[in-house]
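Colleague: Got a structure for you, questions after.
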Amino acid sequence: MHGSIDVGLDLFAEIERLRQEKKAVILAHFYQEGEIQDIADHVGDSLALAQAAARTDAEMIAFSGVHFMAETAKILNPDKPVVVPDLEAGCSLADGCPPELFSRFLERYPDHVVISYINCSAAVKAMSDLICTSSNAEKIVRSVPEEKGIVFAPDQHLGRYLIRKTGRDMVLWPGSCEVHELFSEKKIVQLRLHHPDAKIIAHPECVEAVLRHADHVGSTSSLLRFVEEDDAESYIVATEPGIIHQMRKRAPEKRYLPAPSDSTCACNECPYMRKNTIEKLYLCLRDGIPEVTVEPEIAERALVPIRRMLDLSR
Ligand code: 13P
Ligand code: SF4
């Protein structure tokens, strides 16, 4: 029966056995629990995981991340089963851009190039000319000829950051990440007063007021590279704290302080990413469910801007 696990089972050994038996590849995002990151074949940011999905020769993909990431893997591998630990692991950016509303919004900008951040549904990707992630967004925006107008969706904060970086005037869809939007400028500044040597590093999904204080802004993989190469001893990390597991592995001698959020629970974890557990990862490998599906006609259209992004990111 799906969902029941024998008590006393060595889940890690079982996942290993199932991975070989099913010729599966396990992909995990940096925001996953440490034990999931450690057992994955590839752990990375959204771009690295899409690239891993594009080149895999595995017969099954077990994707431990959120729905839009697994959906991208499915679009790239229409003939392979893509299973996820929890089908309910969504994303506030993807949910905040319903395809019907987006389609009506685009009618107002018929001559614009549409760039969508990968954190959106397959249906929104299917309406886009280009997809980007936080790793390649600047490059993707700069690839659009100067004279062309651009619609950027769905993250307004990443969009504003890109406008400041590139000087391009873009029309923004008003979406945001409910986790990054809640990091508190005031509490981050207070934390730095207690740790004056700590550098602030932030994901571009944070609001401008937070990004203004950052010593480095970048995707999860860029933040990781920064702490590895930089010479400071401590960092205030303004992104989901799952990444700190990887930072501690790669630069163990340093100190990482999770940036505080504005909410009363002081909770800066992504509630969607955290739906996944090692138990659910085991179950999806064992039972082959839940599986991510994408309507073939939408998948075919969404593949075009995803492929363009992959080609521009080599
Ligand atoms: P990265 O592509 O930088 O890993 O970001 C994914 C994400 O969901 C950030 O909230
Ligand atoms: Fe979506 Fe934000 Fe969670 Fe990233 S952290 S998956 S953008 S809700």
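The values are calculated or read from the model by the stated rules, or taken from the named source; none is laboratory data. In this text the structure is predicted, and so the values were computed from the model without any measurement. Here the Cβ positions follow ideal geometry from the backbone for every residue, glycine too, while neighbour counts run over all protein chains shown. The area values use the complete protein model at the heavy-atom level, side chains included, leaving out ligands, DNA and RNA. Shrake-Rupley method; radii C 1.70, N 1.55, O 1.52, S 1.80 Å.
Colleague: Give the residue that is nearest to ligand 2 (Cβ to nearest atom), with candidates limited to residues of the stretch 127-156 that are part of a helix (DSSP H, G or I) and among the aliphatic types (A, V, I, L, M).
Modeller: Going through the qualifying residues, I end up with 137.
Colleague: Now a separate question. Does at least one position in the stretch 58-65 carry a residue that is within 15 Å of the chain's Cα centre (by Cα), away from ligand 2 (no atom under 13 Å from the Cβ) and hydroxyl-bearing (Ser, Thr, Tyr)?
Modeller: The answer is no; no qualifying residue exists.
Colleague: Continuing with this model, one more query. Determine which member of the set 93, 101, 87 is open to solvent by 20 Å² or more (accessible area, probe 1.4 Å) and either touching a Cys at 6+ places or on another chain (Cβ under 8 Å) or part of a loop (DSSP other than H, G, I, E, B) (or both).
Modeller: Of the residues listed, the single one that is open to solvent by 20 Å² or more (accessible area, probe 1.4 Å) and either touching a Cys at 6+ places or on another chain (Cβ under 8 Å) or part of a loop (DSSP other than H, G, I, E, B) (or both) is 87.
Colleague: Can you tell me which residue in the stretch 129-155 is surrounded by the most Cβ atoms within 10 Å (Cβ to Cβ), limited to those that are under 17 Å from residue 211 (Cβ atoms) and away from ligand 1 (no atom under 14 Å from the Cβ)?
Modeller: 152
The rows are residues; the columns are (1) in contact (Cβ under 8 Å) with a residue 12 or more places away in the chain; (2) more than 16 Å from ligand 2 (Cβ to nearest atom); (3) aromatic (Phe, Trp, Tyr).
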position	(1), (2), (3)
225	no, yes, no
232	yes, yes, no
236	yes, yes, no
242	yes, no, no
246	yes, no, no
250	yes, yes, no
254	yes, yes, no
263	yes, no, no
267	no, no, no
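Colleague: Let me ask you something else. Looking only at the stretch 105-118, count how many residues are open to solvent by 10 Å² or more (accessible area, probe 1.4 Å) and either within 14 Å of ligand 1 (Cβ to nearest atom) or over 16 Å from residue 172 (Cβ atoms) (or both).
Modeller: Of the residues in the stretch 105-118, 3 are open to solvent by 10 Å² or more (accessible area, probe 1.4 Å) and either within 14 Å of ligand 1 (Cβ to nearest atom) or over 16 Å from residue 172 (Cβ atoms) (or both).
Yes/no matrix, rows are residues, columns are (1) loosely packed, with under 15 Cβ neighbours inside 10 Å; (2) among the β-branched types (Val, Ile, Thr); (3) closer than 14 Å to residue 282 by Cα; (4) within 16 Å of ligand 1 (Cβ to nearest atom):
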position: 25; (1), (2), (3), (4): no, yes, yes, no
position: 31; (1), (2), (3), (4): no, no, no, yes
position: 43; (1), (2), (3), (4): no, yes, no, yes
position: 49; (1), (2), (3), (4): no, no, no, yes
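Colleague: Here's something else I'd like to know. Does at least one position in the stretch 300-307 carry a residue that is farther than 30 Å from residue 144 by Cα, β-branched (Val, Ile, Thr) and open to solvent by 20 Å² or more (accessible area, probe 1.4 Å)?
Modeller: no
Colleague: Within the stretch 128-161, take every residue that is out of contact with any Leu (no Cβ under 6 Å at 6 or more places or on another chain) and without any contact (Cβ under 8 Å) to a residue 40 or more places away in the chain and give me the one that is farthest from residue 274 (Cα to Cα).
Modeller: Looking at the filtered set, the residue picked out is 147.
Colleague: Condition first: over 23 Å from residue 294 (Cα atoms), open to solvent by 20 Å² or more (accessible area, probe 1.4 Å) and not acidic (Asp, Glu). Can you find one or more residues in the stretch 61-73 that meet it?
Modeller: No.
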